[in-house]
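Undergrad: For reference, the structure I am asking about is given below.
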Amino acid sequence: MPEGDTVWLAAKRLHAALAGRTLRRFELRVPRFAAADLTGREVTAVTARGKHLLTRIGGGVTLHSHLRLDGEWLIHRASELPGHRGAAVGRPGRTVRPGRTDRPEHQVRAVLANDEWAAVGYRVHDIALLETAREDTLVGHLGPDLLGPDWDPEEAVRRLTAQPDRAVGEALLDQRNLAGVGNIYKAEILFIQRLNPWAPTAAVPDLRALVDTAHRLLYANRDHPEQSTTGSLRRGEQHWVHGRAGRPCRRCGGRIQVAGQGAAPYARLTFWCPACQPAADQPATDQPEADQPEADQPATDQPTASQPGADQPEADQHGLDQHGLDQHAVDQHAVDQQAAEDPREVVDPGGHRSSSPGKAGTIG
Ligand SMILES: [Zn+2]
């Protein structure tokens, strides 16, 4: 599942490609809205609310979409799309970045094109058209948006406090508390704050510091597709604990653990250092017992059962380690720096942050 910063960047790039331009092509390939045609109207804005994407269109209409686990919007040159103004150029699903995987036509859920750009939603979920004035019916339940203009840390703390018995690892992922944290940031935030993922929120000594850390990490990563919580953009060095099960903790040298947390459909793998993030009855230590599994926690490497179609657990098992990547893998940062001003470079909201395969698998 993409994290809030990924969706924020997708919105920014979609906004650059679509806003202020008239739609020449508008297709929603989902049964309920297949007949909708907003051709001729102008897109006024594309914005993110938590992990939801809102494309606002003239006449007071909003197109809602959500990337969930595998969705992505790609931006093509309009002329590359077959059927656009008679130009049968290019394959549908053609990606703009050389060497990237092509997406098949049947995965297209939405096409919004103007004279210059075509935004194509592949496998995007929860497509809905609604009155802009009624957006809250789809996103009103969300807590304060970490990357929104109205980010309100005190309200986020208030909401977290309202469920004192809830495990902090689950509470951070609940978008009703604060919107934007996904599974990777969850693990990283908890590590930075030295909090055990199963600790109840009531036991968190400084919830404000927790939400401030969340804000700082997402904000720092919002403008570029690479994600790093460590300050390093080198593949294999971008995260403290996420995707690093069995590897040494960068802080204490202990062994990073992984286990399922939460009940379906919200179950996620969570990574943590037992030494740096001890359970309540376990004193913090810099002498980790590296080989001691957490007996009272869910079995490792067994993500809790998911429900198809629901908000599924991220494919965290596709972490760096499982990919067999080492810390000397190619640094793709430079590649991703190309053409930063081209809205198409946005294009990878699906979370295929190229330098971070650990980012929720396919995506994250
Ligand atoms: Zn540690």
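Undergrad: May I ask you to evaluate 6.51 cos²θ - 1.76 cosθ + 1.60, the Karplus curve with θ = phi - 60°, for each residue of region 204-213 and list the ³J(HN,Hα) values in order in whole Hz, giving x for glycine and proline?
TA: Residue by residue, region 204-213 yields 7, x, 9, 5, 5, 5, 4, 6, 5, 5 Hz.
Undergrad: Estimate the FRET efficiency between Ala209 and Glu237 by the formula 1/(1 + (r/R0)^6), using the beta-carbon distance for r and 25 Å for R0, to the nearest 0.05.
TA: 0.55
Undergrad: Per residue, how large is the accessible surface of region 121-271? Use a 1.4 angstrom probe and give square angstrom.
TA: 37
Undergrad: Express the carbon and sulfur contribution to the solvent-accessible surface of region 175-221 as a percent, rounded to the nearest whole number, probe 1.4 angstrom.
TA: It is 53 percent, rounded to a whole number.
Undergrad: Let's test the formula: R0 of 22 Å, r as the Cβ-Cβ distance of Ala280 and Asp152. What FRET efficiency results, to the nearest 0.05? Working shown, then result.
TA: Working: r = 29 Å, r/R0 = 1.32.
Efficiency, rounded to the nearest 0.05: 0.15.
Undergrad: Based on alpha-carbon centroids, what's the gap between region 204-220 and region 52-79 in Å, whole number please?
TA: Distance between centres, Cα-based: 29 Å.
Undergrad: Pull out the extension gain between Ala133 and Ser79, defined as 0.36 nm times the separation in residues minus the alpha carbon to alpha carbon distance; nm, one decimal. Numbers along the way, then the final one.
TA: Details: separation 54, 0.36 × 54 = 19.44 nm, distance 3.35 nm.
Working it through step by step, the gained length comes to 16.1 nm.
Undergrad: For Asp165 paired with Thr22, estimate the spin-label separation in nm (one decimal), with each label point 7 Å from Cα along the Cα-to-Cβ line.
TA: If labels sit at Asp165 and Thr22, their model points lie 6.0 nm apart.
Undergrad: Show me 189-198, 165-174 ranked by packing, highest mean number of other Cβ atoms within 10 Å first.
TA: Working: 189-198: 22.9, 165-174: 20.6.
The peptides rank, most packed first, as 189-198, 165-174.
The values are calculated or read from the model by the stated rules, or taken from the named source; none is laboratory data. Treat the numbers as computed from the prediction; the structure is a model and nothing was measured. As a convention, Cβ positions derive from the backbone with ideal geometry for all residues, glycine included, and neighbour counts pool all protein chains shown. Each accessible area value is taken on the protein alone, full model and side chains, heavy atoms only, with ligands, DNA and RNA left out. Shrake-Rupley method; radii C 1.70, N 1.55, O 1.52, S 1.80 Å.
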